[in-house]
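One structure below.
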Amino acid sequence: MTSEEPVRLREGDAWSERTLTPEQVWELDRSELIEIRATGRAGTYRLRARDRVGAVRLGRGPGRVRLFIEPKIPVDRLMYLLGYAPSRLLWQDQQVDAVARADLLPAVAHAFNRAARRALRAGPLFGYRETDDTLPVLRGRLRASAQLSRRPGLVVPLEVTYDEHSVDIAENRLLLGAVRRLLRVPGLESRLRAELQGFAAQLDGVNSLVPGAPVPAWQPSRLNQRYQPVLALAALILGGASYEFEDGRNVSVDGLVFRMWQVYEDFLGRALGEALVKAVGGRAEPADRNHHLAVGRRHVLKPDLIHYLPRATGVPVPAIVVDAKYKRGFRREDLYQMLAYCVRLGLDDGHLVYAGGRPGVVRVPVSGKEIRLHRHVLDLSLPQAELSSRIDELAETLARSLP
């Protein structure tokens, strides 16, 4: 296989055979994005996707390979799930024309382009940025400690801090970073690339993000309201520019990849949390990390959602615990994990939400009482409106399990 021929796989599909060079095999195996096995025939290998979807370029020269992994659920449904991953952005059909697009990355790019076009229609956003400088005259406020330590006894120059009205603000840096990341995604059509290059030209004067540095922080406000949809997309795109190995190593990629179980967990924690607040009130805490299994705050618990309701005293306590499982069938370790959550949080019911399989309940006798471990199923292939309704129904089901 030449470097120009992409390797196309689909999440959840069986093994498929490809002809690869030894260098390409090494790059694919090193990436750990897919499983790869020898067939016993020279130059032919069996490939299977792991738990990520997206598109990346790997290697150079004879080892160069383009890898495309398609999601097993329809792209418009995945786009809906992804909308919950970086923020609470709600995807609307008029904002995202992904329904008719079979490929994930073009759908993401089209969504971003449409949002960026609206955001930049009135020109780039300007804001005030705090700047430290050395000037011959006073501007803003004097940094007295810096002045005394650097120039004791000297009147000028002055160490000052002032607010500068500039285009180089966090919102524009985030937007430019996403533009440049999308320009490096393989397989985008020329029209999309041309439009992205036009956005980069509009953001002239904005400093590029430093590779590996934290994404700039921004706060929603009235002033950046027109930017908010595209900033949520930008965070999603920049978040897909790397992936983490099981040993904790983080690798930047030339493209975009999304780990599906993380997308599902983020979606379920936020979407179901919002539905529970509507159904029973209280406070939803997706990815709550405030509870531990052992004394001394050891062995942190990692449920995907804890919902808090107030006691008679008004103090909020855990009332519902949920864990998302991006798989079709349950495993014993899922039950053990949920049982630990229930025991530690003092709950009689725990809820596992699978992306497939059969619902059911496992009853566990514990110290004179019974803990019920519920298995729910959420069909991600449902149309967006039905999937949203199913989330509401699931929230009502969980509410009925409350004492």
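Read the figures in this text as sums done on the coordinates, not as results from a lab. All values reported here derive from a predicted model rather than from experimental measurement. All Cβ positions, even for glycine, are placed from backbone atoms using ideal geometry, and neighbour counts span all protein chains on display.
Some notes on this structure:
- Estimated distance in nm for a label pair at residue 331 and residue 291, the labels positioned 7 Å out from Cα along Cα-to-Cβ: 2.2 nm
- Were the residues from residue 317 through residue 30 laid out at 0.36 nm apart, the gain over their Cα-Cα distance would be 98.8 nm.
- Sorted fewest first by neighbouring Cβ atoms within 10 angstrom, 280, 56, 317 come out as 317, 280, 56.
- Expected-Rg normalisation [2.2 N^0.38 Å, Cα atoms] applied to the chain: 1.17
- Loop-located trypsin sites (Lys or Arg not before Pro) across segment 107-200 with a Cβ neighbour count of 11 or fewer within 10 Å are 121, with loop assigned by DSSP.
- In the chain, excluding the sites themselves, the longest stretch lacking any of the GluC sites (Glu not before Pro) that are in a DSSP loop with at most 12 other Cβ atoms within 10 Å is 5-188.
- Dipole of segment 300-342, positive direction: furthest Cα of 341, 306, 326, with charges on the beta-carbon: 326
- Binned Cα-Cα distance frequencies in segment 1-70 - 10 Å width, integer %: 22, 62, 16
- In a simple Cβ point-charge model (Lys, Arg +1; Asp, Glu -1; nothing else charged), the chain has a dipole of about 320 debye relative to its Cα centre.
- Arranged from fewest to most other beta-carbon atoms within 10 Å of their beta carbon, 387, 182 become 387, 182.
- With R₀ set to 22 Å, the beta-carbon distance separating residue 348 from residue 379 gives a calculated FRET efficiency near 0.20.
- Computed helical MRE - 222 nm, the chain, DSSP H runs ≥ 4 contributing -39500 (n - 2.57), nearest 500: -10500 deg cm²/dmol
- Set of lysines with alpha-carbon distance to residue 327 below 22 Å, sequence-local pairs under 8 removed: 72, 302
- Beta bridge orientation in segment 329-403: antiparallel %, DSSP, nearest 5: 55 percent
- Calculated FRET efficiency for the pair residue 204/residue 5, C-beta based, R₀ 30 Å, to 0.05: 0.20
- Alpha-carbon spread of segment 261-400, three principal axes, descending order, Å: 44, 35, 27
- Each label was represented as a point 7 Å from its Cα along the Cα-to-Cβ direction; for residue 139 and residue 363 these points are 7.6 nm apart.
- Other residues with beta-carbon under 15 Å from the beta-carbon of residue 224 carry, at +1 per Lys or Arg and -1 per Asp or Glu, a net charge of +4.
- Footprinting exposure proxy for 302, 369, 325, 72 (fewest neighbouring C-beta atoms within 10 Å first): 369, 302, 72, 325
- Where labels lie 7 Å past Cα in the beta-carbon direction, separation of residue 191 and residue 17 in nm: 3.9 nm
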